[in-house]
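Data first, discussion second: the structure below is written as structure tokens.
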Amino acid sequence: MAKATPSWAFAAITVALTLPAAAQTVGDIALGKRLYQAKAECGHCHGWSGDGAGDPLSPGKAANLRETKLDHDQLVEVIRCGVPGGTAMPRFDRFAWTEGENCFGMTAADVGDKKPTGPTAELSRREIEAIVAYLEAKVIGKGPPTVADCEEFFGAGSPLCKQMAGGRRQ
């Protein structure tokens, strides 16, 4: 007959399984921020704060990610596939729109010449998920950008943040 496992063992296993997941989330947010800033250069269009005020590429024309209503999976799909129909949002997955890799329930043939442009930087699924984790943690639903947001993004003492502190939200 098998010996019963003490309840403390289940608690220890639960804690052990939970801790790496929480640490990974923090890691994903940090990775997502770095990817947003550098590799994918999202700020060129969406602005450093995600408010859609990317300057000079799209001042006020890109999606305001601070106010987006897209859920996690929709954000992943938009970053992976881009937005068809002649918009400026490129795809970041080089395999998006290839055979067997449909986007938005459509094939490349369905969208024809309205297929999003190729990636400015190729991102893996993990990198796309990390950008979404960053957006969900630091951008989406956070209201207008603040000086604290600026300093978190650029670092304390940034000239842009000092300028922002001089006349805008603290």
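Testing the spin-label approximation: label points 7 Å from Cα along Cα→Cβ at Thr87 and Leu57. State their distance in nm.
Each label point lies 7 Å from its Cα, and together they span 1.5 nm.
Using a Förster distance of 30 angstrom, determine the FRET efficiency expected from the C-beta separation of Glu101 and His44, and round it to 0.05.
0.70
Can you give me the accessible area per residue for segment 126-170, using a 1.4 Å probe, in Å²?
Roughly 54 Å² per residue, with all protein chains present.
For segment 53-170, which whole-number percentage of the solvent-accessible area (1.4 Å probe, protein heavy atoms only) is attributable to carbon and sulfur atoms?
51 percent
Can you give me the relative contact order of segment 94-170 as a percent, contacts being Cα pairs under 8 Å and 6 or more apart?
19 percent
Using each residue's phi in segment 90-96, evaluate 6.51 cos²θ - 1.76 cosθ + 1.60 at θ = phi - 60° and report the 3J(HN,Hα) Karplus result to the nearest Hz, with x for Gly and Pro.
x, 8, 10, 9, 5, 8, 4
Which entries in Lys33/Lys61; Lys115/Lys162; Lys39/Lys61 show an alpha-carbon gap greater than 31 Å?
Violating the 31 Å limit, Cα to Cα: Lys115/Lys162.
What does the charge count near Asp28 come to, summing +1 for each Lys or Arg and -1 for each Asp or Glu among other residues with Cβ under 15 Å from its Cβ?
The answer is +3.
Using amide H atoms built 1.01 Å from N in the peptide plane, name the residues 5+ places from Cys103, or on other chains, whose amide H lies under 5 Å from its own.
For Cys103, the qualifying residues are Trp97.
The values are calculated or read from the model by the stated rules, or taken from the named source; none is laboratory data. All values reported here derive from a predicted model rather than from experimental measurement. Positions of Cβ are generated from backbone atoms using ideal geometry, with glycine treated the same way; all protein chains shown enter the neighbour counts. Heads up: the accessible areas ignore ligands, DNA and RNA and are worked out on the full protein's heavy atoms, side chains in. Shrake-Rupley method; radii C 1.70, N 1.55, O 1.52, S 1.80 Å.
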